[in-house]
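Structure, as structure tokens:
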Amino acid sequence: MVELADGIHSGPGPFHSNSKGRRLDPSAILSANAKRIDFDRLEMLNGQSVVHAGQFDRETIVELARFAALLELSEVASHHPLDGKLVITAFFEASTRTRLSFESAVLRLDGKVLSVPDGRTTGAAKGESLEDIGEMMNTYGDLVIMRHTETDAVRRIRTNLQLPLINAGNGSGEHPTQALVDWYSLLKWRPALAAPEVPEAQRIHLGIVGTPGNMRAVKSFMRMALTFSAGISKITVVSEMADPLGVELAAWVAESDLKVDLTNDIEEVIGSLDVIYMNSIALLGDSYKTLDSRYRLHAESNLKPDAIILHPMARRSELDTSLDGTPHNLYFAQAAGAVFIRQAILICLLGRVAAIPGGIRLLTQ
């Protein structure tokens, strides 16, 4: 049983859940760890930037997920935690889910948004440097969320930017808040993964379909997976490429104690995978490459009966719509949780954790 203190009422939040596929209960991650949310840890994020998935330790990710669950379950938004804050969303590369979920997160917490939905409408189209754009943004808002086609864009804008920055995707670099969305979904699905030690029976065989070295969302997801290695028996990367990890990700894997296998045959492993994470689009230089048609999943695929599928979207033919109405579909619930985990990180970075009234009490029966 979860009891929320000081006028915060447990029950459905003001948002709708996914209409198809498996639904997730946010209270599961709260009930599995019967203690107060560590707001002191979350307050330490005040003023920080979110640049890569490796900057978070396991405890911080878990507390962010538990905070997101509180936001999903309650009417915390009615206390206007971002009132008076202005967030700049600067998207120099196309986006639907990331930009809209961030803007929804801000507006539903009574913050304000200053949006650049298309880089072609900015001074960058006339040759203005990211360094100068960062300098100008210092006087316009309180936090910047940026997506850019260039991997080096985060470093360049931070040269002069003094505001907290959230990297919403930098070329083939990283997409750290998508990884938070993904792991928020997994922790709701199997709360035992949050523990520092996970019984062998609760550990997962994680399959990653694609080329993590060139797919920023997959790279960040896998980098964060290394943080949760206690709950993962093995990772199997399924890719047509001989070196799907790339130098950077391969180095992170080498530093961990997690077993990572590579294969180009999805049929070889699909029947043993508990979780399948896939993406369709890799950024190679200045162009996009889509996933090979051999790796398509559909309702007739030889999946484990209780296997789940994650996908950051947008999808193409690699993830057939015949899976949408099945329990394998966790990707719609994954998308549905994005607003809440992004609300959690925004409240923390903008120093508004103290605006959450009374904290939270957890009682178990």
task: Taking H placed 1.01 Å from N in the peptide plane, check which residues at least 5 places from residue 91 or on another chain put their amide H under 5 Å from its amide H.
output: 116, 118, 147
message: Checking understanding here: applying a Kyte-Doolittle mean of at least 0.5 and a length along the axis of at least 15 Å (C-alpha), which whole DSSP H helices in the chain pass?
response: 58-73, 338-349
- prompt: Whose amide H sits under 5 Å from the amide H of residue 319, counting only residues 5 or more places off or on another chain, with H placed in the peptide plane?
  reply: 297
- request: Quick one: which residues, 5+ away or cross-chain, put their amide H under 5 Å from the amide H of residue 304? H built at 1.01 Å from N.
  value: 273
query: Rg and Dmax of the chain, Cα atoms, in Å?
result: 19.9, 62
- line: The residues 182, 132, 306, 142, sorted from fewest to most surrounding Cβ atoms within 10 Å, come out as 306, 132, 142, 182
- prompt: Normalised by the number of residues in the range 176-336, what is the relative contact order in percent for Cα pairs under 8 Å and 6+ residues apart?
  reply: 23
message: Whole-Hz ³J(HN,Hα) for each residue in the range 268-273, computed from phi via Karplus 6.51 cos²θ - 1.76 cosθ + 1.60 with θ = phi - 60°, x for glycine and proline: what do you get?
response: 5, 10, 4, x, 10, 8
message: Per residue of the range 302-308, what does 6.51 cos²θ - 1.76 cosθ + 1.60 with θ = phi - 60° give for ³J(HN,Hα)? Whole Hz please, x for Gly and Pro, Karplus curve as stated.
response: 7, 7, 4, x, 9, 5, 10
Beta bridges by DSSP in the range 176-336, antiparallel share as percent, to the nearest 5: 15
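Here, each number is a calculation from the coordinates, and none is a lab measurement. This structure is a prediction, so every number in the text was calculated from the model and none was measured. FYI the Cβ positions are ideal-geometry reconstructions off the backbone, even for glycines, and counts take in every protein chain you see.
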